[in-house]
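My questions will all concern the structure given below.
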Amino acid sequence: MRFLTIVTGILFTAGGVYLVTQEGITFLSVAFAVGILFLAAGLIEVISHNSFRGDGDDGTWVLIDGLTTFVLGALILLGKISQDIVVPQVLGLWVLSTGIRNLAKAWEKLEVRNSYFYDHLFVGLLNLIVGLYVFFNPDIFNLASITLVGICIVVQGLNIANAGITIRIFKPDVIKTREEKLTDAAKKARDAQIAAREALEAAKAAHTEFKDVALTPAELLDKTLIPNPSEKSEDPLKGLSQKL
């Protein structure tokens, strides 16, 4: 399913490029083909979600993207989204929300700065820029509605392809090679060592804290045991002096 998701992203992108080159047509003339493309892409993403066993959050985002794409395809086929003025704005919001999600995923890997971070950062920024541009198009280049639709589909196709590339799929043990099993075992050993080291450090910190508390006077730990200086105790010598 990973391969199928990548292919879907490529086909999605190719369809968007085709629409960009068809400046003179209306969206209504290609609405049926676009709706079918959206339905197919959404369905494949939803099905692919069950095959992803890498990051659980990534699988959730794939499912959300797939459901959104599928619903948009259904609305397009039903004629609920067909006007040339409305379609770019709807797709612009769709692309904008996808960009924000990708940037959020990139932010989670900010300290690591690996390929995952840069992939989501690039796609997220691209989606964000395109999604915002749709709403400022009349004031800048004033592109045709079908061109905007094509651009939105292109960047969303890149997002689908990126999802298929970056999400890992774990093979069942029965079909793994010896080298893959050794790699998995080595990774588990490293993870166990890291967990053991963190647990040892936590235990040392807890032991140190326990010693500090045990050696600290009780009145310093419990403020209620400290005498209140505002409450003046009666001087026993004062009464004696009065008697004398």
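What is the spin-label model distance, in nm, from Ile165 to Ala214 if the labels are put 7 Å beyond Cα along the C-beta direction?
Distance between label points: 5.8 nm.
Express the Stokes-Einstein translational diffusion coefficient of segment 178-222 in µm² s⁻¹, to the nearest whole number, given a Kirkwood radius over alpha-carbon pairs, 4 °C and a viscosity of 1.567 mPa s.
Working: Rh = 13.3 Å.
Here the translational diffusion coefficient equals 97 µm²/s.
What FRET efficiency would be calculated for the residue pair Ile47, Lys204, taking the C-beta separation as r and a Förster radius of 41 Å, to the nearest 0.05?
Working: r = 49 Å, r/R0 = 1.19.
After rounding to 0.05, the efficiency reads 0.25.
I would also like to ask the following. Just subtract the alpha-carbon distance of Val71 and Ala195 from 0.36 nm times their residue separation and send over the number in nm, one decimal.
In short, 40.3 nm is gained.
Computed from the coordinates by the stated procedures, all read-outs in this text should not be read as laboratory data. What you are looking at is a predicted structure, and each value in this text was computed from that prediction instead of being measured. Here the Cβ is made from the backbone with ideal geometry for all residues, glycine too, and neighbour counts use every protein chain on show.
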